[in-house]
1. Averaged per residue, what accessible surface does the stretch 32-167 expose to a 1.4 Å probe, in Å²?
2. With a 1.4 Å probe and every protein chain kept in, tell me what percent of the accessible surface of the stretch 12-144 is carbon plus sulfur.
3. Convex hull volume of the Cα atoms in the stretch 88-167, per residue, in Å³?
4. What share of Cα pairs, in percent, lie more than 26 angstrom apart in the stretch 40-154?
5. Let's test the formula: R0 of 30 Å, r as the Cβ-Cβ distance of residue 47 and residue 152. What FRET efficiency results, to the nearest 0.05?
6. How far apart, in nanometres, would the label points at residue 77 and residue 101 be if each is projected 7 angstrom from Cα along the Cα-to-Cβ direction?
7. Which distance in nm do the two modelled labels at residue 113 and residue 55 give, with both placed 7 Å along the Cα-to-Cβ direction?
Amino acid sequence: PMIRHTLLAIPVALSLHAGAALAAGPLPIGATMPMADTKMQNVDGKENDLAEIKKPAGTLVVFTCNHCPFAKKWESRIIELGNTYQAKGIGFVAINANDPSIVPGDSFEFMITRAKDKGFPFPYLHDESQAIATAYGARVTPHIYLLDASGKLAYRGRVDNSVKVDE
């Protein structure tokens, strides 16, 4: 199972802005939330930044996308996390940084449809320039970043430690 996950992650990593996202290292534990004031288009038609999404108990940032089979298989767990964490006063956001000229299914229009069809209970933002993903060092989808109440990175990695995903 571990090899399967690694193999699935490779094309996803390549669909992120390969040069910039892979050149930057991962955001170190303890680092302050990068680019918190950078506006991104939300599927609800508004612009949001991470500073607006941040809540007193912390913030969970999920880099995901529309097309990746692996990200799709984690969607129900991500939605469940969104519901659970937001109820506990933790800000929650999903960000798509994929380039739709490389993967047309990751266009903003498809983001709107996906969020509506799946009933995302959280903002789904488009990182069109891949600047936010680069600042975080996001390399795969889904890639999770949990920031504490002070906005410092406490965790980065997988959704959870289970190897089972939705079918």
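1. That works out to 45 Å² per residue.
2. Result for the stretch 12-144: 58 percent of the exposed heavy-atom area is carbon or sulfur.
3. That works out to 132 Å³ per residue.
4. Value for the stretch 40-154 (Cα pairs over 26 Å): 9 percent.
5. On the way: r = 25 Å, r/R0 = 0.83.
Efficiency at R0 = 30 Å is approximately 0.75.
6. Placing both labels 7 Å beyond Cα along the Cβ direction yields 3.4 nm.
7. Spacing of the two 7 Å Cα→Cβ label points: 3.1 nm.
The values are calculated or read from the model by the stated rules, or taken from the named source; none is laboratory data. Computed from a predicted structure; not experimentally measured. Cβ atoms come from the backbone with ideal geometry, glycine included; neighbour counts cover every protein chain shown. Protein only, heavy atoms only, side chains kept; ligands, DNA and RNA dropped before computing areas. Shrake-Rupley method; radii C 1.70, N 1.55, O 1.52, S 1.80 Å.
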